[in-house]
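*Asks:* Pasting a structure here, questions to come.
Values in this text are rule-based calculations from the coordinates and carry no lab data. Keep in mind that this is a model prediction, so the values were computed, not measured. As a convention, Cβ positions derive from the backbone with ideal geometry for all residues, glycine included, and neighbour counts pool all protein chains shown.
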Amino acid sequence: MPKTVRWGVLGSGGIARRRTIPEGIIPADNADLTAVYDINRTVNYEVAGAFGTKPVDSIDDLLKAGIDAVYIATPANMHYEQVLACAKAGKHVLCEKPLGMTVDEARAMIAACEKAGVQLGTAFMMRYQTQHQAALKLIQDGRLGKPAYARAQLSCWYPPIEGAWRQDPATGGGGSLMDMGGHCIDLLEMFFGPVREVSCFINSSVHAYKSEDSAVAMLRFENGALGSVDTFFCIPDNSSKNVLELYGSKGSVIASGTIGQGPAGQMTAYLEADAAGYDATQSRPTGEGVPIAPTPVNTYQAEIEDFSRALLEGRSLAPCAQAGLRSQQILAACYESARTGRTVTIA
């Protein structure tokens, strides 16, 4: 049995160059970077030179470069055709979210990979963040009590940039909600389970590009808990702390900076041993929280190693393609709600 997975990268600029190659594939103990391709030839050769790998000049050449798996980090409107090409060539795929542009595309991508006998994963790397995993364990152990409310926030300053694919729904599928809301909703479903209904507002609050720069989605989970996701392209980076809040009948978990591209933030649990009686004074003592600070890991490395390990062991991926499909279904419902002004039930 081989000990490493030979990776090809499709879309070697952008997030692949900044994060997934140097922090994920290169340091992974069960992955080798074999070849890279990007439509920008200059960038592709720069990436290949920086990381000591082979640059190729087409997708066909990439698929013939002796690789086992492809990491796709291209604009969203290219994912569908590229995943189908990888499946046809018998290559496993880790695709950045969103998984295609629509629910139907996501379903077709899954079907193509199943027919070809290859695995398709969705790049929700924030699931691997160790504080998120620790919070999930608290919830699974019942320490939070009955789930009541969850909030996830992810914002950045993203001014108009000529040719930026995330700023046009024709190439990105949407704006701040599609790009960042997908991560937030996926995390909240990991913590509280499936979302049943959504109500959403989107807006162009500051920037004049075609995609929304502002979005707030309200969620109702199947277990009865409520939630909200707020994502903005028009708030300065240091002004938004990317807050995660999880509340239940026995306490809360409050974090800042855990949602994002970094390995760690600040997270504190405020937990009660048992449900207390009513306190008319509603006193809130300070300093009684318990820090949640497990040893951090690089989420990109953890994602690549987990994907590679699954292939080497012949087991199913997590997060799998179904997570990408689920994300598309909820996001589609959010955009429908924003368009119609109605609450939308998830099919």
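*Asks:* Would you mind checking the tilt of helix 299-313 against the longest principal axis of the Cα atoms of the chain, expressed as 0 to 90 degrees and rounded to 10?
*Replies:* 60
*Asks:* Among the lysines, which have Cα under 25 Å from the Cα of Lys54 when same-chain residues fewer than 8 positions away are ignored?
*Replies:* Partners within reach: Lys3, Lys64, Lys88, Lys91.
*Asks:* What do you get for the angle between helix 182-192 and the principal long axis of the chain? Use alpha-carbon atoms, 0 to 90 degrees, nearest ten.
*Replies:* The angle comes out near 50 degrees.
*Asks:* Next up: Any idea which of Tyr37, Ile59, Ala134 is furthest toward the positive side of the dipole for the range 25-144, if Lys and Arg beta-carbons carry +1 and Asp and Glu beta-carbons -1?
*Replies:* Ala134
*Asks:* Follow-up question, since we're still on this one. What shape does the chain have by the C-alpha gyration tensor, where a ≥ b ≥ c are the square roots of the eigenvalues, rounded means a/c under 1.5, and otherwise prolate means a/b greater than b/c and oblate the rest?
*Replies:* In terms of gyration-tensor shape, prolate.
*Asks:* Can I ask one more? Amide H of Gly145 versus every other amide H placed in the peptide plane: which residues, excluding those fewer than 5 positions away on the same chain, fall under 5 Å?
*Replies:* Those lying under 5 Å, H to H, from Gly145 are Lys250.
*Asks:* Compute, for the range 200-342, the length of the dipole vector about the Cα centre, with Cβ point charges of +1 (Lys, Arg) and -1 (Asp, Glu) only. Units Debye, rounded to 20.
*Replies:* So the dipole magnitude of the range 200-342 works out to roughly 360 debye.
*Asks:* Could you pull out the trypsin sites (Lys or Arg not before Pro) across the range 163-221 that fall in loop regions by DSSP (anything but H, G, I, E, B) with no more than 14 other Cβ atoms inside 10 Å?
*Replies:* Lys210
*Asks:* Skipping prolines and chain starts, which residues have an amide H placed within reach, meaning under 5 Å, of the one on Ile292, given they are 5 or more residues away or on another chain?
*Replies:* Here Met267, Thr268, Ala269 satisfy the definition.
*Asks:* Moving on. Using a 10 Å Cβ count of at most 15 others and DSSP loop calls, identify the longest part of the chain lacking such GluC sites (Glu not before Pro).
*Replies:* Longest run free of exposed loop sites: 1-161.
*Asks:* Work out the length of the dipole vector of the chain about its Cα centre, built from +1 on the beta-carbon of each Lys and Arg and -1 on the beta-carbon of each Asp and Glu, and round it to the nearest 20 debye.
*Replies:* The dipole magnitude comes to about 320 debye.
*Asks:* Let me ask another. For a quick check, take a GNM of the chain with Cα springs below 10 Å and name the residue from Ala170, Ala321, Ala269 with the largest mean-square fluctuation.
*Replies:* Taking springs between Cα atoms under 10 Å, the residue moving most is Ala170.
*Asks:* Something else now. Taking the Cα atoms only, what angle lies between the long axis of helix 103-116 and the longest principal axis of the chain, rounded to 10 degrees?
*Replies:* 50
*Asks:* Counting only helical runs of four or more DSSP H residues, what would the 222 nm mean residue ellipticity of the chain come to if each run contributes -39,500 (n - 2.57) and the total is spread over all its residues?
*Replies:* Per the formula, -9000 deg cm²/dmol.
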